[in-house]
Amino acid sequence: MAVKVRIPTPLRQLTNGVDMIETPAGDIAQVLQHVCQKFDGMDKRLFKQPGELNRFVNIYLNDEDIRFLENLATVVKDGDDVSIVPAIAGG
Amino acid sequence: MALSDIAEQLEKSDPSLARYNRQMLWEPIGIAGQKKLKASRVLMVGCGALGTVLANTLARAGVGHLTIIDRDFIEINNLQRQVLFDQQDIADQLPKAVAAKKKIAQINSDVQVEAVVADVNHTNILNYAGGCDLLLDGTDNFETRFLINDVSIKLNIPWVYGACISAMGLAMVIRPGITPCLRCVFETVPPPGMNPTCDTAGVLGPTVNIVASWQAMEALKLLTGNINAVSRYLFSFDCWDNRYQQLNVAKARDIADCPACKHHNYEYLSGKFASSTTTLCGRNAVQISQPAGSKINFEQIAVGLKAVGSPSFNKFMLKCTINEGQGERQRQHELTLFADGRAIIKGTNDASVARAIYSKYVGA
């Protein structure tokens with residue numbers, strides 16, 4: 001079992017349409033680093049600078065906002081679900 | 001006496017309620033809720049994809065007064081998802097707010113609709129929001145959403161956020177002083193070019209309907225006083241992959257150092273972040289706004305435009321395709337000018353090009 005990271009529609013242009021990838025357990029920073037290494041351009045979409053997420057992107061661990069857990073240091077276990085939720089503009 | 005019997009008796013004494021019979025039979029709404037809907041005033045900011053579904057649903061539900069503000073006109077590629085409009089509206093060159101009012105009059109003439117053809121911005125939004133019971137988000141840009149958020153907190157009026165692109169949507173109810181606000185959840189606006197637009201990612205009609213119907217459901221709960229049933233989550237809809245999430249944002253209000261709802265520093269309402277030009281989502285177009293109170297003489301401007309195109313106008317707007325340059329440098333832009341001086345210039349995403357066209361043919 002691994003960690004499932006859900007890629008939202010607006011970011012799938014960077015993943016060739018891939019909607020979910022599996023990463024090893026660790027903490028949120030390690031999980032997102034894995035995602036950024038796998039897909040070019042993801043780094044700029046998620047991070048303002050190393051170690052600091054863009055403020056218009058939220059990360060949820062099993063539906064809980066990581067800002068209210070331990071942020072990037074939040075521990076992620078096998079079987080957990082990580083969702084990337086960017087602010088979207090359309091309507 | 002059963003609710004159905006009471007409803008039947010009431011319909012006999014007030015035949016205008018008959019159309020709401022199925023809605024009144026739902027006990028949490030009932031007769032009392034229906035009366036509250038009739039007494040309600042709702043401001044709908046934007047009447048495009050989300051906005052038309054919202055207006056359609058609330059008008060059919062019997063909301064007493066709708067103010068619909070929209071800055072835009074109708075294009076053929078709107079009809080795939082903007083449910084209140086049709087081909088005749090395009091032929092008649094009707095602004096969206098006017099076309100929506102006309103259609104709602106045919107659906108439910110008991111609903112009072114005020115159609116406002118204007119760009120909602122920090123100079124005018126308070127004029128429309130004051131006295132409303134609810135603000136609804138039918139916009140297509142972050143700036144206006146954060147503006148609605150400021151107004152909601154300042155005037156203590158709840159609002160329902162909704163947004164969508166391609167097959168994804170987000171929605172949330174904001175109740176000032178009780179729930180987190182939009183800026184608690186998304187602290188800043190993404191910089192231009194950072195997110196895909198409707199132009200690059202597209203948008204599906206069912207996505208719009210799902211998100212706007214969720215907004216409308218929460219609106220009905222709020223307006224009928226069914227507060228305990230109102231969602232406290234950020235809803236995420238991935239309609240293509242059938243993944244729907246209730247994201248827990250309850251702690252955001254306590255933890256985020258929100259300028260709007262914690263410090264009451266209304267940065268969008270103050271105009272700090274206001275722009276006079278806006279690149280429109282997925283439209284290859286730029287909007288240029290003018291200060292409130294500007295008036296445009298279409299006849300006079302049409303005369304000048306005849307040198308570069310064939311302008312046409314009615315009392316709402318002027319349209320002209322402008323051809324400039326020759327050979328490889330030839331460029332074509334479509335100018336749509338509204339009576340308040342606001343313009344939408346199609347054929348560019350460059351604000352400076354749009355400003356140049358405006359100053360050349362309209363006058364800055």
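Springs join every pair of Cα atoms under 10 Å in this Gaussian network model of chain B, and among B:Thr277, B:Thr188, B:Thr67 the largest mean-square fluctuation is at B:Thr188. Per the accessible-area calculation with a 1.4 Å probe, the total area buried between chain B and chain A rounds to 3000 Å². A simple packing score, the average count of other Cβ atoms within 10 Å per residue, orders the peptides B:23-31, B:145-153 as B:145-153, B:23-31, with the highest score first. With the simple spin-label model, which puts each label point 7 Å out from Cα in the Cβ direction, the B:Lys154 to B:Ser270 separation comes to 1.1 nm.
Calculated on the Cα set of the range B:7-59, radius of gyration then Dmax: 13.1, 39 Å. Summary value for the range A:20-91: 35 percent relative contact order, contacts being C-alpha pairs under 8 angstrom separated by 6+ residues. One way to sum up the overall shape of the range B:277-361 is the equivalent ellipsoid from its Cα gyration tensor, whose semi-axes run 20, 17, 10 Å, largest first. Residues A:Thr9, A:Thr23, sorted by accessible area with the largest first, give A:Thr9, A:Thr23 [1.4 Å probe; ligands and nucleic acids excluded]. Largest accessible area first, the listed residues B:Arg60, B:Arg183 line up as B:Arg60, B:Arg183 when surface is computed with a 1.4 Å probe on the assembled protein chains. The Cα-based radius of gyration and maximum Cα-Cα distance (Dmax) for chain B are 21.5, 80 Å.
Projected onto its three principal axes, the C-alpha set of the range B:218-364 covers 61, 40, 32 Å, listed from the longest axis down. In chain B, taking the dipole from charged Cβ atoms about the Cα centre, the farthest positive-side position among B:Gly46, B:Ala274, B:Tyr20 is held by B:Ala274.
The heavy atoms of B:His65 present about 20 square angstrom of accessible area, all protein chains included, probe 1.4 Å. Over the range A:3-86, the ratio between the Cα radius of gyration and 2.2 N^0.38 Å evaluates to 0.96. With Cα atoms as the point set, the range B:39-255 shows a radius of gyration and Dmax of 16.3, 52 Å.
Assuming charge only on the beta carbon of Lys and Arg (+1) and of Asp and Glu (-1), the dipole of the range B:39-255 about its Cα centre is about 620 debye to the nearest 20. Classification of the protein assembly as shown by its C-alpha gyration tensor yields an oblate form. The axis ratio a/c (a ≥ b ≥ c) is 1.5 or more, and b/c is at least a/b. If I model a spin label as a point 7 Å beyond the Cα along the Cα-Cβ vector, how far apart are those points for B:Lys360 and B:Gln112 in nm? Label-label distance for B:Lys360 and B:Gln112, simple model: 4.7 nm. Note on the range A:50-73 and the range B:248-276: Cα centroid distance 19 Å, given to the nearest whole angstrom. Using a probe of 1.4 angstrom and keeping all protein chains present, the accessible surface of chain B works out to 43 square angstrom per residue. DSSP bridge analysis restricted to chain B gives an antiparallel fraction near 70%, rounded to the nearest 5.
Shielding value for B:309-317 is 0, the average number of Cβ atoms from other chains within 10 Å of each residue's Cβ. Quick check: the distance between the Cα centres of the range B:212-242 and the range B:72-139, to the nearest angstrom? Using only Cα atoms, the two centres lie 22 Å from each other. Given +1 at the Cβ of Lys and Arg, -1 at the Cβ of Asp and Glu and no other charges, the dipole of the range B:1-92 around its Cα centre is 360 debye to the nearest 20.
The modelled label-to-label distance for the pair B:Arg22/B:Leu79, using points 7 Å beyond Cα in the direction of Cβ, is 2.7 nm.
The values are calculated or read from the model by the stated rules, or taken from the named source; none is laboratory data. Here the structure is a predicted model, which is why all the values come from computation and not from measurement. No Cβ is skipped: glycine too gets one built from the backbone with ideal geometry, and neighbour counts run over all protein chains shown. The protein model used for the area step is the full one, side chains on, heavy atoms only, and it has no ligands, DNA or RNA in it. Shrake-Rupley method; radii C 1.70, N 1.55, O 1.52, S 1.80 Å.
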